Amino acid sequence: MYTLYSMQSSGNSYKVRMLLARLQMPYRLVELDLFKGETRTPEFLAKNPEGRIPVLELADGRFLAESNAILVYLAEGTPYLPADKLDRAEVLRWMFFEQHSHEPAIATARFWLHLVKGGRELRKHEIDQWMERGYEALSLMERHLAAHRYFVGDRTTVADLTLYAHTHVAQEGDFDLSEFPHVIEWLARIASEPGHLKMSEQPKEAIIA
């Protein structure tokens with residue numbers, strides 16, 4: 001059985017919980033609080049020297065870090081990762097976009113402006129840059145979704161899940177989604193699918209450690 005080291009409010013952890021819920025895959029869930037230093041203990045750093053969550057522990061005791069790498073690993077052999085060579089590359093393309101252009105602005109703004117006490121004052125000189133880069137990412141998503149129901153192909157893939165995780169709470173980082181109707185429609189489409197797990201929900205497949 002897998003063990004997932006996660007934090008409830010973490011968008012990156014949420015990506016993995018979403019996929020595991022959709023796959024109805026049982027696993028052990030270990031909740032950590034990075035604000036209490038629980039990802040900086042010697043025990044956790046032995047699992048991931050970067051001290052970041054999520055981390056997936058395999059049944060054989062090996063560890064896999066980085067949310068998108070975990071998604072690809074878990075989605076292998078399922079409809080969430082296409083077998084077609086080009087479609088698979090397109091999925092990876094959007095996952096790279098999420099890490100390079102989307103997450104550093106939208107997720108970072110949410111972290112500092114919503115989750116960190118006093119974060120707005122601590123990072124006030126970076127807010128304008130987050131807004132500029134975040135709205136650029138949302139605009140690109142809007143243009144793509146104007147012509148496509150999903151990011152790749154005709155169904156949800158891990159490309160959609162990785163982008164959904166931080167986009168659906170973008171307002172917590174001061175982003176206004178009202179000017180992105182196709183993004184809003186896509187968010188609602190993903191959330192309405194069978195097996196969808198909300199960020200606030202406890203996954204029924206998980207054994208809570």
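Just a few scattered comments:
- Note on Rg and Dmax of the Cα atoms in Å: of the candidates [x] 15.3, 43; [y] 18.0, 67; [z] 16.8, 48, the value calculated from this structure sits at [z].
- Computed about the Cα centre, the dipole magnitude for the chain is approximately 360 debye when only Lys and Arg (+1) and Asp and Glu (-1) carry charge, each at its Cβ.
- Phi angles of the range 5-12 translate, via the Karplus equation with coefficients 6.51, -1.76, 1.60 and θ = phi - 60°, into HN-Hα couplings of 8, 9, 9, 3, 8, 7, x, 5 Hz per residue; Gly and Pro are given as x.
- Candidates Ala105, Leu161, Ala188 compared by Cα position along the dipole of the range 85-191: farthest toward the positive end lies Leu161, with charges placed on Cβ.
- Dipole size of the range 8-124 about its Cα centre, with +1 on Lys/Arg Cβ and -1 on Asp/Glu Cβ: approximately 420 debye, rounded to the nearest 20.
- For the chain, modelled as a GNM whose springs connect Cα atoms under 10 angstrom apart, the maximal fluctuation among Ser139, Ser178, Ser101 occurs at Ser178.
- Longest DSSP-loop-exposure-free segment, trypsin sites (Lys or Arg not before Pro), the chain, at most 14 other Cβ within 10 Å: 63-116
- Percentage relative contact order, the chain, counting C-alpha pairs under 8 Å, at least six apart: 29
- Where labels lie 7 Å past Cα in the beta-carbon direction, separation of Ser139 and Ala69 in nm: 3.3
- Per-residue extension of 0.36 nm, minus the Cα-Cα distance of Phe35 and Leu177, leaves a gain of 48.3 nm for this segment.
- Shape of the range 85-191, Cα gyration tensor, a/c cut at 1.5: prolate
- Debye, to nearest 20: dipole size of the range 85-191, +1 on Lys, Arg Cβ, -1 on Asp, Glu Cβ: 320
- Residue among Ser13, Phe151, Leu56 farthest towards the positive dipole end of the chain, charges placed on Cβ: Leu56
- Computed [θ] at 222 nm, helices only, for the chain once each DSSP H run of length n ≥ 4 contributes -39500 (n - 2.57): -11500 deg cm²/dmol
- For a label point 7 Å along the Cα-to-beta-carbon line of Glu50, residues of the range 1-24 with backbone N under 13 Å: 12-13
- Euclidean distance of C-alpha centroids, the range 20-67 and the range 145-209, integer Å: 22
A short reminder: the numbers here are calculations on the coordinates, not readings from a lab. Model, not experiment: these values are computed from the prediction. Don't worry about glycine lacking a Cβ; one is built from the backbone with ideal geometry, like all the others, and counts go over all protein chains shown.
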